[in-house]
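Chemist: Dropping the structure in here first, questions after.
Just so you know, all these numbers are worked out from the coordinates, no wet-lab data involved. From a predicted model like this one, the values you see are computed outputs, not experimental measurements. Please note: Cβ atoms are built from the backbone with ideal geometry, for glycine as well, and neighbour counts cover all protein chains shown.
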Amino acid sequence: MYTTIKTGGSTVKTGYTPLTITGTTDAQYTVQVYNYGDMVFDHWGGGSGSSNPRTLTLWGDTTATAHYRSSSSSSTYDLNVRAYSTGGAALSMYATIQSGGTTVKSGHTPFSYEGGAGKTYVVTAQDYGSYVFDHWGNGGTNRARSITLDHDVTAVAYYRTSSTSSPTPTSSPTPTTTTTGNALITKTGAFVALYMYPGSTGSTHWQKVIDEKKEHPSVPVVAAFNPSSGPGGYRDGNIANWVAKLKSAGVIAIGYVADDYGTRSLSSLKADADKYKNWYNADGLFIDEFTNKVGYESHYRDLTNYIKSIGMKLTFGNPGTDVPPSYIGTTDVINTSEGRGYISLTDPNLIGSSWVSGGWLGWHKDEDKRNFAVIRYDTSWLDTAFVDGASNRVGLMYITNGNDGNSRWFHVPSYFGSMMDALDN
């Protein structure tokens, strides 16, 4: 297919694929492909999104693979239905798929249905014996879930056990929409750590975040602040003033807490939430030392429910690695990848293939990307190709040149504005 490659606005090469150039390391190039006849560009390979032209930064030999579809062919997508216990065990449970009030498929999980692109279907999970429907993988708690197919979707229903049997519904309940904190993330946005005190030097970092948010009002920004490894023992008026400035600019300001990998009591975490709400009017909590072990889901779900009950908006869990799918809905956002340097867009923690022993190969693609975040540090330059590709995987990202000596939490990277530009595209 006809292709152009440019750098700095100048055309480097044009022609028909396959097309090769010898580029300069760390230089940025844009690759644009064109439609021909009935063949229409669809997406880039490797999970790199569908933006055309695509921006690439060369740090080695790089292949950009464009995928095309036929504009004349009708599109269908798979709607897969699965069921698990809240402990992570696979279950065979009865479910139905309806379109326009008519049942188009029913059966025991797991099963699949090939649906029309753009059509809306209602998947209803049924109880059986001691197994009672608890929630969907996207956090919704109504057993009838409405899904519009714009890609292959896997609807995962989670069940808890009950001492008494629940009758099977004779008709499908009316589906409802569950509003979660990640609904505030209207597109892939920026997370940033503001652990530095907003004094004469530190305030310049806080101001940079405020200025960039005002410059890019449509890009969600979530900032975590940390008075004293938590809310501390008293209200700091200066911090409260700067938190108010963040919020006034449209930044979602959340307070830092550490959970000691699930061992802190719910009452102590609630007490921290109360302090952040009463002293700083924080929008939520950033939960560090967040465990990914099966069995702690209710611990985080109960904390999230409490936070919402006192008027906060968002919870952000930070295990820094992948979690079982039973964690979806326990907090609004979960960071599943934290570490040094850039990673592949098919990294197991980024796509959810770390739990292959449990049969959950690449399960992130079946969930709303706003459930996930990525944090990468010690990156001396901004790779906009990574930003573009990761935007298809996560709802929030934090990329910083801060190093492993905790400076990544105590300064805003010099290229933060460029990252906001990239997210605003």
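Chemist: Among TYR306, MET93, THR346, whose Cα sits farthest toward the positive end of the charge dipole of the chain (+1 at Cβ of Lys/Arg, -1 at Cβ of Asp/Glu, about the Cα centre)?
Modeler: Farthest towards the positive pole: TYR306.
Chemist: Is the stretch 181-423 best put as rounded, prolate or oblate by its Cα gyration tensor, with a ≥ b ≥ c the root eigenvalues, rounded for a/c under 1.5, and otherwise prolate when a/b is larger than b/c, oblate when not?
Modeler: oblate
Chemist: Bin width 10 Å, alpha-carbon pairs only: give the P(r) of the stretch 279-407 as whole percents, running from 0 to the bin holding the largest distance.
Modeler: Taking every Cα pair in the stretch 279-407, the percentages come to 12, 42, 33, 12, 0.
Chemist: Using a 10 angstrom cutoff on alpha carbons, build the Gaussian network for the chain and name the most mobile of ILE21, ILE328, ILE307.
Modeler: ILE21
Chemist: Assuming R0 = 51 Å, can you tell me the calculated FRET efficiency for the pair THR20 and TYR234, based on Cβ-Cβ distance, to the nearest 0.05?
Modeler: 0.20
Chemist: Taking only the alpha-carbon atoms of the stretch 2-70, what semi-axes of the equivalent ellipsoid follow from 5 times the gyration tensor eigenvalues under a square root, in whole Å, largest first?
Modeler: Ellipsoid half-lengths, sorted descending, are 21, 13, 10 Å.
Chemist: Another question, if that's okay. For the stretch 205-310, run through the trypsin sites (Lys or Arg not before Pro) and keep only the ones in DSSP coil with at most 15 other Cβ atoms within 10 Å of their Cβ.
Modeler: Loop-located and lightly packed - ARG235, LYS293.
Chemist: Could you list, bin by bin from short to long, the percent of Cα-Cα pairs of the stretch 94-140 in 5 Å steps?
Modeler: Result returned by the calculation: 5, 18, 26, 25, 18, 5, 2, 0.
Chemist: So, one more: For the stretch 76-161, just list the percent of Cα-Cα distances falling in each 10 Å bin from zero outward, please.
Modeler: Using 10 Å bins, I get a P(r) of 20, 55, 23, 3 for the stretch 76-161.
Chemist: Tell me, what is the FRET efficiency for ASN403 and THR102 to the nearest 0.05, using R0 = 51 angstrom and their Cβ-Cβ distance as r?
Modeler: 0.30
Chemist: So what's the net charge close to ARG370: Lys and Arg +1, Asp and Glu -1, counting the other residues with Cβ under 13 Å from its Cβ?
Modeler: So the surrounding residues net to 0.
Chemist: Could you work out how far apart the two model spin labels at THR7 and SER414 are, taking each label as a point 7 Å from the Cα in the direction of the beta carbon, and quote it in nm?
Modeler: 2.1
Chemist: Another question, if that's okay. When Lys and Arg each count +1 and Asp and Glu each count -1, what net charge do the other residues less than 15 Å away from GLN32, Cβ to Cβ, add up to?
Modeler: Combined, the nearby Lys, Arg, Asp and Glu give +1.
Chemist: ASN281 label point, 7 Å along Cα→Cβ, cut-off 17 Å on backbone N: hits in the stretch 313-344?
Modeler: 313-314
Chemist: Using 0.36 nm per residue of separation minus the Cα-Cα distance, give me the extension gain between THR201 and SER298 in nm, one decimal.
Modeler: 30.8 nm
Chemist: Okay, next question. Testing the spin-label approximation: label points 7 Å from Cα along Cα→Cβ at SER92 and PHE111. State their distance in nm.
Modeler: 1.2
Chemist: Would you calculate the separation in nanometres between label points at SER248 and ALA183, each defined as 7 Å from the Cα along the Cα-to-beta-carbon direction?
Modeler: My value for the distance between the label points is 2.8 nm.
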